[in-house]
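A short write-up of the structure that comes next.
The values are calculated or read from the model by the stated rules, or taken from the named source; none is laboratory data. Since we're looking at a predicted model, the values are computed, not measured. Glycine also receives a Cβ, built like all others from the backbone with ideal geometry; neighbour counts cover every protein chain displayed.
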């Protein structure tokens, strides 16, 4: 442990995330955190017991459940002596903040904004905003993410801009991987959902195959969605596209990958394609995973992607226009950029080496000192008080009435503007994407961007 952080003790949930993408980040993150602070595991059962056994039980019993949560959170703080807890179960954050505010407990929370404007997460952030204080460390991985939060409430001005991180590889290992590649293997890795534009990716790949028929595309990831019906509709759409575009035998859907299987896939691939316009996107972790293997990327010019991909240096950003109801990625531009990289071995080598070099700025040994400094700062703010005995009263007020807390000019299109905060938090995410995107455009309209392609 770095001597400058000696004495920092941080609690964390000892459970395992359900989703593969969350698990990939969190398992590494906890390990990195353990190199910089003493970690105190908290059994997930204890955290959920504070809520009465589940979030649903807490919601059903509210506001009576709030007193139990406050008492048990106070007991946890007193018994463990913890002053900071890393909340790696992010769905619990609004409830724990409410419990802390109800009792005025001197306890800080460290957590990451992995998503902002998906319906589920926007409901969460609206309930988090009233209860943030100087004891908290909220990390935003990209400038666009922080701006989006700030458009919800001025209280998110206290968020800290620090990127997600990974662990760089030995230069010789990267060099060997680059030398073994032949310019024919394309990769997409992440969730398979309509917001990720996998259908757009298939059309782009069809254009590439027309000129380079030996290229192959591997699509790694699990199907996700609001319900099983949505998942099956999108699966059917993608498989139908593969057939209509004549891509049978050149596209492999291999499902979720992790560990060594994932590393082998990253090592052998020539080019990463990520054309997502997910409203919940904040960073693009697979972009730095590719970078650490010296793999260039073609990505939509969307949100945090532009913080990771240096256009023309280690990949290319593709114009993303949001002039209609939903954002659109320029598919022709994407295929042209990919072809340029695949056909020009010297360019591909240059982009690959630059990607490996830039990966070093996302190495956890460079990033974590800034995080630890923020935790130390928050602990120095011990005694910060935001005790609000009438938490339930605040949560039962309509969002539209809380003009001093929220930036209403950016929230006026939301369908639940005249609902109480607690009803918003506990409500289901059911709004179709084509209706949801216009509703959140005042919050995340800046996610979409264009690039001047002077070289084309």
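The criterion of at least 1 residues that are without any contact (Cβ under 8 Å) to a residue 60 or more places away in the chain and in contact with a strand residue (DSSP E or B) (Cβ under 8 Å, 6 or more places away or on another chain) is met by the following strands (runs of 3 or more DSSP E) wholly inside the stretch 227-310: 251-255, 297-300. Of the residues 93, 116, which single one is assigned to a loop (DSSP other than H, G, I, E, B), at pLDDT 95 or above and under 21 Å from the mean Cα position of the chain (by Cα)? None of the other options fit; the residue is 116.
For residue 445, are the conditions met, namely being crowded, with 16+ Cβ neighbours inside 10 Å and within 22 Å of the chain's Cα centre (by Cα)? The answer is no for residue 445.
Among the residues that make up the stretch 257-270, is at least one of them in contact with a helix residue (DSSP H, G or I) (Cβ under 8 Å, 6 or more places away or on another chain), surrounded by 12 or more Cβ atoms within 10 Å (Cβ to Cβ), in the same structural domain as residue 296 (by TED's automatic domain parsing) and within 19 Å of residue 197 (Cα to Cα)? So far as the stretch 257-270 goes, no, none of its residues is in contact with a helix residue (DSSP H, G or I) (Cβ under 8 Å, 6 or more places away or on another chain), surrounded by 12 or more Cβ atoms within 10 Å (Cβ to Cβ), in the same structural domain as residue 296 (by TED's automatic domain parsing) and within 19 Å of residue 197 (Cα to Cα).
Among the residues of the stretch 317-334, those identified as in contact with a strand residue (DSSP E or B) (Cβ under 9 Å, 6 or more places away or on another chain) and outside any loop (DSSP other than H, G, I, E, B) are 317, 318, 320, 321, 328, 329, 331, 333, 334. Among the residues of the stretch 119-161, those identified as assigned to a helix (DSSP H, G or I), in contact with a helix residue (DSSP H, G or I) (Cβ under 8 Å, 6 or more places away or on another chain) and over 20 Å from residue 59 (Cβ atoms) are 143, 144, 146, 147, 148, 149, 150, 151, 152, 155, 156, 157.
When each of 359, 373 is tested for being modelled with pLDDT of 95 or more, assigned to a helix (DSSP H, G or I) and surrounded by fewer than 17 Cβ atoms within 10 Å (Cβ to Cβ), the lone residue that passes is 373.
Surrounded by 15 or more Cβ atoms within 10 Å (Cβ to Cβ), over 20 Å from the mean Cα position of the chain (by Cα) and under 30 Å from residue 30 (Cβ atoms): does that describe residue 423? No, not satisfied. Every condition in (1) surrounded by 16 or more Cβ atoms within 10 Å (Cβ to Cβ); (2) at pLDDT 90 or above is met by residue 15 except one, and the failing one is (2). Scan the stretch 134-154 for residues that are closer than 24 Å to residue 98 by Cα and surrounded by 20 or more Cβ atoms within 10 Å (Cβ to Cβ) and report the count. Qualifying residue count, the stretch 134-154: 13.
Which residue is farthest from residue 267 (Cα to Cα), if the candidates are limited to the stretch 305-326 and must be in contact with a helix residue (DSSP H, G or I) (Cβ under 7 Å, 6 or more places away or on another chain) and buried (at least 23 other Cβ atoms within 10 Å of the Cβ)? Going through the qualifying residues, I end up with 318.
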